[in-house]
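The values are calculated or read from the model by the stated rules, or taken from the named source; none is laboratory data. Bear in mind the structure is a predicted one, so any value in this text is a computation, not a measurement. Note: ideal-geometry Cβ built from the backbone for every residue, glycine included; neighbour counts use all protein chains shown.
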Amino acid sequence: MNFIQRSYELELLDQENIHKQDLYQNLIELNTINSLLGGHAVTLKAIKSFQLQSNKTYRILDIGCGGGDNLIYIAKWARKNNLSLQLIGVDLKKDCIEFAQDRCKDYPEISLIESDYRLLIHETQKYDVIFSALFCHHFKEHDLQELMAFKKENSTLGFFINDLHRTALAYYSISWLTQLFSKSYLVKNDARLSVKRGFIKNELAALLPKSKQLSLNWVWAFRWLAIYKHP
């Protein structure tokens, strides 16, 4: 198995017309994986780094929100810490948005939009923080450069990404775990392929702004956390 180069093989999740119940099972299991392996905790760590204050309302955009689990995780934390957040999730897949709307129905601070992220910006309205979690590995480099530029231009505080480290240990570990415990054919195929589509550090660094305001660090489990803060 070659881990030197990124794979560009499409994941099953990237296909059109996935049966709705198969997609829902995939989203449920991804939430479990992110809960157990620290994915949501990494997202929250990044949010905390912006040192949000309780005397103002912040707009936070999740690009590629999937089932909305990161938004719920952030909303629970914000409620406990008396923070006012407007959390917006955007995803191209209608079924993902419908699933997320049901999951987020008890969180009025969360709004969900079926759209291309590039259609969300208005001249008079930007976002304080923009992020993506386990989203960037779905794309090739030229699309990622456009995404990073969008996040930088349209955020007032900054942006972050939380994505996979491409390494043999991560590949074989998630392959073994999903083959044993997953009931989703999407997860069984895509979890290990996602690692092959993930990044080594210098690949990700090449896509990010060259700035002292940027930090790029390895975090558990086998992830890169990149945070950019506007000066």
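List of remarks:
- For region 1-43, a residue qualifies if it is assigned to a helix (DSSP H, G or I), over 24 Å from residue 98 (Cα atoms) and in contact (Cβ under 8 Å) with a residue 24 or more places away in the chain, and exactly one does: 42.
- Filtering region 1-44 to residues that are under 14 Å from the mean Cα position of the chain (by Cα) and under 18 Å from residue 68 (Cβ atoms) leaves 27, 30, 31, 33, 34, 35, 39, 40, 41, 42, 43, 44.
- Considered as a group, the residues in region 179-222 that are in contact (Cβ under 8 Å) with a residue 24 or more places away in the chain and among the hydroxyl-bearing types (Ser, Thr, Tyr) include one that is nearest to residue 132 (Cα to Cα), and that residue is 194.
- Among (1) surrounded by fewer than 20 Cβ atoms within 10 Å (Cβ to Cβ); (2) under 30 Å from residue 121 (Cβ atoms) - the single one residue 197 does not satisfy: (1)
- Residue 15 passes every criterion in (1) buried (at least 17 other Cβ atoms within 10 Å of the Cβ); (2) of a type in the set (S, T, N, Q); (3) closer than 16 Å to residue 135 by Cα apart from (1).
- Flag for residue 135 being at pLDDT 95 or above, crowded, with 22+ Cβ neighbours inside 10 Å and either among the aromatic types (Phe, Trp, Tyr) or over 24 Å from residue 214 (Cα atoms) (or both): no
- Enumeration of residues in region 68-90 that are out of contact with any helix residue (DSSP H, G or I) (no Cβ under 9 Å at 6 or more places or on another chain), assigned to a helix (DSSP H, G or I) and over 20 Å from residue 120 (Cβ atoms): 76, 79, 80
- Remark: residue 62 falls outside the filter, which requires a residue to be within 23 Å of residue 178 (Cβ to Cβ), of a type in the set (D, E, K, R), in contact (Cβ under 8 Å) with a residue 40 or more places away in the chain and in contact with a helix residue (DSSP H, G or I) (Cβ under 9 Å, 6 or more places away or on another chain).
- Selected residue (criterion: farthest from residue 60 (Cα to Cα)) from residues of region 91-121 that are among the basic types (Lys, Arg) and outside any helix (DSSP H, G or I): 93
- Spans of strands (runs of 3 or more DSSP E) in region 150-231 with at least 2 residues over 16 Å from the mean Cα position of the chain (by Cα) and farther than 16 Å from residue 29 by Cα: 155-164, 214-219
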